[in-house]
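Note sheet for the following structure.
We did not get these values from a lab; they are worked out from the coordinates using the rules stated. Remember, predicted model here, so these are calculated numbers, not experimental data.
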């Protein structure tokens with residue numbers, strides 16, 4: 001008769017082999033018959049040991065194929081690697097956001113794996129698939145086209161099952177709103193710039209917003225609220241929507257057409273999605289011989305390096321680029337150390353108005 005706890009010994013031996021990487025993630029375990037022969041016990045005893053390991057997440061069974069070491073084991077040991085995925089890497093505000101992340105993580109002995117998605121949902125899914133196969137302790141990610149429903153939530157669920165914490169920055173998906181994230185109060189920011197133009201006597205204000213991310217939708221919401229608070233009727237004809245794919249051409253081309261139609265659609269101010277879009281508007285105004293801010297006032301968003309250095313310095317909204325990166329890294333480290341006990345996992349940063357020449361102040 002077998003000892004009552006023999007299956008416990010088998011379980012501990014297999015567990016140790018997995019933890020010591022003698023059995024690697026994805027490796028197929030010997031069959032029940034082979035294990036029975038190796039340990040000199042019945043298949044029933046082997047099956048008990050395997051059931052415990054499967055319940056603990058060390059192994060999984062595939063019908064008709066056998067039993068395999070779980071990918072979860074790849075992430076059980078500390079790698080001191082953190083993945084950072086942003087929509088872009090080298091332009092606009094992203095270098096400073098990444099710099100803030102890097103500073104905190106380096107101070108705490110971590111290395112960064114950098115990836116970018118070019119704001120493509122397909123590329124984001126591909127990045128996540130690759131990262132799930134690597135040794136990482138956590139992930140900081142800026143979602144791509146965050147206003148559109150995420151079709152790869154299963155990859156985030158896999159991160160959860162592997163116990164890899166992640167933090168969203170600058171937006172989050174509707175299905176994952178409850179997950180840790182750090183964002184700007186973009187509705188408030190849109191309100192501030194619109195309210196400022198109204199305070200400067202502008203009443204016919206065009207809005208230019210990005211349609212496929214939550215930042216654009218929230219900034220538009222703030223724009224609408226400021227108009228309503230001032231008793232100005234919202235006019236959808238005065239709102240220009242653009243997408244990631246046409247962001248480098250559509251705002252400029254649309255502003256050129258609006259200027260040609262200005263007698264029928266008069267406007268004296270433009271609230272822009274960000275500083276990059278504001279520069280396209282300024283270019284179109286200059287080419288049409290329209291003075292900014294005397295005839296048309298313009299505002300940006302993000303207080304990027306472009307805002308202070310362009311031909312007409314931009315009134316804009318602060319974006320604490322490095323600090324946002326630092327906050328994201330600090331939050332992720334808390335999640336790694338404290339797990340679900342970590343507090344303040346959903347943080348909203350209050351924006352401030354930066355007034356310069358473009359608004360006529």
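Within segment 52-139, DSSP assigns beta bridges of which about 35% are antiparallel (rounded to the nearest 5).
What fraction, in whole percent, of alpha-carbon pairs in segment 157-285 exceed 18 Å separation? Roughly 57 percent, rounded to a whole number. Expressed as a rounded percentage, what relative contact order does segment 6-75 have, with Cα pairs under 8 Å and six or more residues apart? Relative contact order, segment 6-75: 41 percent.
Taking the structure as given and computing Rg and Dmax of the Cα atoms in Å, which label from [x] 19.5, 62; [y] 27.0, 98; [z] 20.2, 71 fits? Of the listed options [x] 19.5, 62; [y] 27.0, 98; [z] 20.2, 71, [y] comes from this structure. Once the Cα atoms are used to define both axes, helix 6-19 deviates from the longest principal axis of the chain by about 40 degrees. Given axes a ≥ b ≥ c from the Cα gyration tensor, I'd like to know whether segment 6-75 is rounded (a/c under 1.5), prolate (a/b larger than b/c) or oblate. Judged from the Cα gyration tensor, segment 6-75 comes out prolate (a/c at least 1.5, a/b above b/c).
For the chain, the longest principal axis of the C-alpha atoms and the axis of helix 186-199 are separated by about 10°. Across the chain, the mean sequence separation of Cα contacts (distance under 8 Å, 6 or more residues apart), normalised by length, yields a relative contact order of 16 percent. Do you know the relative contact order of segment 116-189, to the nearest whole percent, from alpha carbon pairs under 8 angstrom that are 6+ apart? Taking the mean separation of contacting Cα pairs over the length of segment 116-189, I get 29 percent.
Cα centroids of segment 80-123 and segment 20-36: 37 Å apart. Looking at the chain as a GNM with Cα springs under 10 Å, which of 141, 101, 18 has the largest mean-square fluctuation? Most flexible of the set in this elastic network: 18. Which angle between 0 and 90 degrees, to the nearest 10, do you get for helix 250-260 versus the longest principal axis of the chain when only C-alpha atoms count? With rounding to tens, the tilt is 20 degrees.
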